[in-house]
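Remarks on the structure that follows.
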Amino acid sequence: MEAKVKWVDGVMFVGETGSGHAVVMDGSPDHGGRNMGARPMEMILLGLGGCSSFDVVEILRKGRNDIVDCRVEITAERAESIPSVFTKIHLHFVVTGRELKANAVERAIKLSAEKYCSASIMLGKTAEVTHDFEVIEV
C-alpha cells in the first residue's frame, strides 16, 4: 500500500491513497486550523469502523443472513499525555435485517475483532477495544 500527504496551509493537509482517492484533514481553530476536514485521529477511527464493518457485513452475507443495513458508532478515549494514543475504543454495531440471529451477529463481530480486522488488532496494542451490538428486525 502507498499513500501521500501534502501540506496545503496552516494545519490542513490533503491525503491521497494509492488507489487514487483524496481526503482533506484539518485541525480545529484553536490549533491553527480552519475546521475544513477530519482530524487525523478521527480518520483512524473511521478506518477502524470501515474495516470492522466490512468484515461483519461480509461474514453475515457469506452465512446467508438477510442483512439490509449495518452501522457502527465508535467512541474513544485518548491518553492525557503525549503521545495521545487511544486508550479505550468502543464499537457499537447496529445491524438491521430479516430474521437475523443475535448469535450470528455476535460471531461476525468476534471474528472481525480477533481474526480479520487489521485495524482493530493493531489498535488493540495500545487501547482496550470493546464491542457490543443490537439487531433491528425489518
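For the chain, with all protein chains present and a 1.4 Å probe, just round the carbon and sulfur fraction of the accessible area to a whole percent. Roughly 55 percent of what the probe reaches on the chain is carbon or sulfur.
Projected over all directions and averaged, the alpha-carbon convex hull of the chain occupies 9.8 nm². In the context of the full protein assembly, Arg78 retains an accessible surface of approximately 120 Å², using a probe radius of 1.4 Å and ignoring ligands and nucleic acids. Relative contact order for the chain: 19 percent, from Cα pairs under 8 Å spaced at least 6 residues apart, divided by residue count. Protein heavy-atom accessible surface, 1.4 Å probe, per residue over the chain: 66 Å².
With 26 Å as the limit, the listed pairs Lys62/Lys110; Lys6/Lys115; Lys101/Lys125; Lys88/Lys110 have Lys6/Lys115; Lys101/Lys125 beyond it between alpha carbons. Sites counted here are GluC sites (Glu not before Pro) in a DSSP loop (not H, G, I, E or B) having no more than 11 other Cβ atoms within 10 Å; the longest part of the chain that contains none of them is 3-79. If you line up the long axis of helix 102-111 against the longest principal axis of the chain, both from Cα atoms, how many degrees apart are they, to the nearest 10? On a 0 to 90 degree scale, this one is about 40. Dipole of the chain computed with +1 at Lys/Arg Cβ and -1 at Asp/Glu Cβ about the Cα centre; of Val105, His92, Ser19, farthest Cα towards the positive end is Ser19. Helix 40-62 and the long axis of the chain differ in direction by around 20°, with both axes built from C-alpha atoms.
The values are calculated or read from the model by the stated rules, or taken from the named source; none is laboratory data. Small disclaimer: the values here were computed from a predicted structure and weren't measured. Ideal geometry is used to build each Cβ from the backbone, glycine not excepted, and the neighbour counts take in all protein chains shown. Note: accessible area is taken over every heavy atom of the protein model, side chains too, but ligands, DNA and RNA are not part of it. Shrake-Rupley method; radii C 1.70, N 1.55, O 1.52, S 1.80 Å.
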